[in-house]
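The structure under discussion appears below in the form of structure tokens.
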Amino acid sequence: MFDKSRAATVSSTTAQGSVAETTRAVVQDFLAARLAGDTQRLVEIFADEVDWMLAENPGVPWIRPRRTGAECAAQFTELAEHTVPEDARASVGAFLVDGADAVLMGHLSGTVRATGKSFEGPFALRLTVEGGRIVRHHLYENSLSIAEACAPDQ
């Protein structure tokens, strides 16, 4: 006998698995483009409109509100302009995917070019993928360490 409820559950699980696979692939593509500094690819990966959230930090030139894919991709170029590339480090300790959502957790560090000061701390990044593109980018990081590194000596 055919169990319709079991078939619906299997079908739903398969669809969720497919969404999760797409999410994982897009996030991996995002990380590869980010690592390569491929801003054009980042523009393609971000949706036309993005729910971008990063705690406001007026003393940090690369941290500002953004909403378009091009503005979001430009953040990575601005970060590279204001920090020492050789000192930039990021490690991902966890990469979790649940359907359209992905969360990366890890540690980042770098040095601000203008001051020579370093920053470091943990981060969590929540990304949401729809239609094969990133529609949400919420980054939680040690903004105090970054602000202190950007502040000129008194």
Length gained when the stretch residue 118-residue 35 is fully extended (0.36 nm per residue, less Cα-Cα span): 27.9 nm
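Given the -39500 (n - 2.57) contribution per DSSP H run of 4+ residues, what per-residue ellipticity at 222 nm results for the chain, rounded to the nearest 500 deg cm²/dmol?
Values: 4 runs with 62 residues, N = 154.
Calculated from helices alone, the mean residue ellipticity at 222 nm is -13500 deg cm²/dmol.
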Give me the distance in nm between label points sitting 7 Å out from Cα along the Cα-to-Cβ direction at residue 64 and residue 140, one decimal. 2.7 nm
Considering only protein heavy atoms, what is the solvent-accessible area of residue 81 at a probe of 1.4 Å, reported in Å² to the nearest 10? 110 Å²
Quick one: among 38, 51, 101, which has the greatest mean-square fluctuation in a GNM of the chain with alpha-carbon springs under 10 angstrom? 38
Pop out the ³J(HN,Hα) list for the range 105-111 in order, Karplus 6.51 cos²θ - 1.76 cosθ + 1.60 with θ = phi - 60°, rounded to Hz; leave Gly and Pro as x. 10, x, 9, 10, 7, x, 10
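Using Cα-Cα distances under 8 Å and only pairs 6 or more residues apart, what relative contact order does the chain have, in percent?
23 percent
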What residues qualify as long-range amide H neighbours of residue 121, i.e. H under 5 Å apart, gap of 5 or more or another chain, H built at 1.01 Å from N? 108
Given R₀ = 41 Å, what would the calculated FRET efficiency be for residue 87 paired with residue 24, taking r from the Cβ atoms and rounding to 0.05? 0.90
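The values are calculated or read from the model by the stated rules, or taken from the named source; none is laboratory data. Quantities reported herein were computed from a predicted structural model and do not represent experimental measurements. Cβ: placed from backbone, ideal geometry, glycine included. Neighbour counts: every protein chain shown. Surface areas here come from the heavy atoms of the whole protein model, side chains and all, with no ligands, DNA or RNA. Shrake-Rupley method; radii C 1.70, N 1.55, O 1.52, S 1.80 Å.
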